[in-house]
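The values are calculated or read from the model by the stated rules, or taken from the named source; none is laboratory data. Just so we're clear, the structure is a prediction, and the values are computed from it rather than from any experiment. Here the Cβ positions follow ideal geometry from the backbone for every residue, glycine too, while neighbour counts run over all protein chains shown. Only protein heavy atoms, including side chains, enter the accessible area calculation; ligands, DNA and RNA are left aside. Shrake-Rupley method; radii C 1.70, N 1.55, O 1.52, S 1.80 Å.
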Amino acid sequence: MKKTILTGLRPTGNLHLGHLFGAGQNYIKMQNDYEFFLEIADVQALTDNFNNPEKVRKNVSELTIDLLSIGLDPEKVNFFIQSKIPEIAELTVFYSNLVTVARLERNPTVKTEIAQKKELFGNNGESITYGFLGYPVSQAADITAFNGEVIPVGEDQLPLLEQCREIVRKFNSIYGETLKEPQAILSDTKRVKGLDGNDKMGKSLGNAIFLNDSEEVIKKKIMGAVTDSNKIKKDDPANPDICMVYYYHNLVNKNENKEKICRECKKGERGCVQCKKELMEAMNNFLQPIKEKRKYYEEHPEIVKEILDKGTKKAKEKAETQMKNVKKAMKIDY
Ligand code: ATP
Ligand code: MG
């Protein structure tokens, strides 16, 4: 019996390098060896985009196309839409009894995200909604609806996984051994930094290089990337460790010798403009095959729809079975 993977992404924008290196490359590696459910998390996306349903709707197919373009095989991965699995919403209600409000407020990921969304939730999070505060509970429902055991995610998700594991233990201790405790799997690049030097490249942070950015946009973004601010002149020595241009060379530049770039930068033998130009070229080469695949799916929306329909059907069957187990354990199997 293959173990089950459950993982998800929010349809709030296109995929960026953070998704690809932080999570996507693990999905690609793991797709052969697991029963794989990949959730397009539209309900979760609405928790902080409830006032912008068009954005979420549009990005369901955009995100699916991105995921297919990076090399996920729809024969091996079940792509499904969260809102089409009502069992997840039911489980969320049941689990909401098993977690305290104080515990949710302490969750480091939730705390960071509330601080980033001042416009929506107020300067000190005073306008936080019940739905957003509770999204870790809904995420526990996502995972356990499929008895997901292996969860490939980026590092920012670890506190949410821990919250899920606590809910599972609590559920099992009260209602009897029913749910599996999931394990997070991190990739080699567990947290990809943003163009602005921020610790996390994020869709909503305005610091991302998206996989479908045009060459023109990539040029602009790389020209504006954070570099060592102490380097003023072309031949000033600089510190590559605090330079985002060097950081992305390490991720995408397959040809250039990274030690050489590092050495030249430290000695003042490499100007930032030249270094940025080289990165632009490497970035465009790296993204080219992904863009070609994207073009194919953009021209065939019916294939994308079919993939989502097929995956959602499989997901629904699996969640229905799990729901029966849960209701039996909770003695609400009338
Ligand atoms: P949003 O701002 O809408 O939350 P996001 O960029 O955080 O967007 P998600 O859909 O929340 O994207 O995340 C999908 C997956 O990608 C998660 O597993 C998350 O950990 C991973 N991920 C996102 N950004 C990064 C990053 N910068 N580094 C590593 N992993 C990341
Ligand atoms: Mg996120």
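Structure notes:
- Selection from the range 73-96 of residues that are over 18 Å from V137 (Cα atoms), out of contact with any strand residue (DSSP E or B) (no Cβ under 7 Å at 6 or more places or on another chain) and open to solvent by less than 50 Å² (accessible area, probe 1.4 Å): D73, P74
- Filtered residue count, the range 99-128, keeping only those that are hydrophobic (A, V, I, L, M, F, W, C), in contact (Cβ under 8 Å) with a residue 24 or more places away in the chain and surrounded by fewer than 18 Cβ atoms within 10 Å (Cβ to Cβ): 2
- Selection of the range 141-162 for residues being within 16 Å of ligand 2 (Cβ to nearest atom) and open to solvent by less than 10 Å² (accessible area, probe 1.4 Å) yields D142, I143, I151, P152, L160, L161.
- Those residues of the range 1-39 which are over 15 Å from the mean Cα position of the chain (by Cα), of a type in the set (S, T, Y) and in a strand (DSSP E or B), in sequence order: T4
- Filter pass, E298 being within 22 Å of the chain's Cα centre (by Cα) and open to solvent by 80 Å² or more (accessible area, probe 1.4 Å): yes
- Odd one out for K76 among (1) within 28 Å of L287 (Cβ to Cβ); (2) in contact with a helix residue (DSSP H, G or I) (Cβ under 9 Å, 6 or more places away or on another chain): (2)
- Counted residues, the range 1-11 - those being open to solvent by 20 Å² or more (accessible area, probe 1.4 Å) and within 14 Å of ligand 2 (Cβ to nearest atom): 2
- Breaking point among (1) open to solvent by 50 Å² or more (accessible area, probe 1.4 Å); (2) away from ligand 1 (no atom under 16 Å from the Cβ); (3) among the acidic types (D, E), for D196: (2)
- Residue match in the range 164-186 (condition: touching a Cys at 6+ places or on another chain (Cβ under 9 Å), of a type in the set (S, T, Y) and closer than 28 Å to K318 by Cβ): no
- Those residues of the range 129-140 which are within 16 Å of ligand 1 (Cβ to nearest atom) and open to solvent by 30 Å² or more (accessible area, probe 1.4 Å), in sequence order: T129, G131
- Filter result for S69 (in contact with a Pro (Cβ under 8 Å, 6 or more places away or on another chain) and in contact (Cβ under 8 Å) with a residue 40 or more places away in the chain): no
- The number of residues in the range 14-58 being within 13 Å of ligand 1 (Cβ to nearest atom), surrounded by 20 or more Cβ atoms within 10 Å (Cβ to Cβ) and not β-branched (V, I, T) comes to 20.
- The one condition from (1) in contact with a Phe, Trp or Tyr (Cβ under 7 Å, 6 or more places away or on another chain); (2) part of a loop (DSSP other than H, G, I, E, B) that A141 does not meet is (2).
- Just one of the listed residues (G194, G131) is at pLDDT 95 or above and part of a loop (DSSP other than H, G, I, E, B), namely G194.
- Of all residues in the range 218-250, those satisfying the criterion of being in a helix (DSSP H, G or I) and open to solvent by less than 30 Å² (accessible area, probe 1.4 Å) are I218, I222, P240, M244, V245, Y248, H249.
- Out of D199, D228, one residue alone is within 16 Å of ligand 2 (Cβ to nearest atom) and free of Cβ contacts under 8 Å to residues at least 60 places away in the same chain. It is D199.
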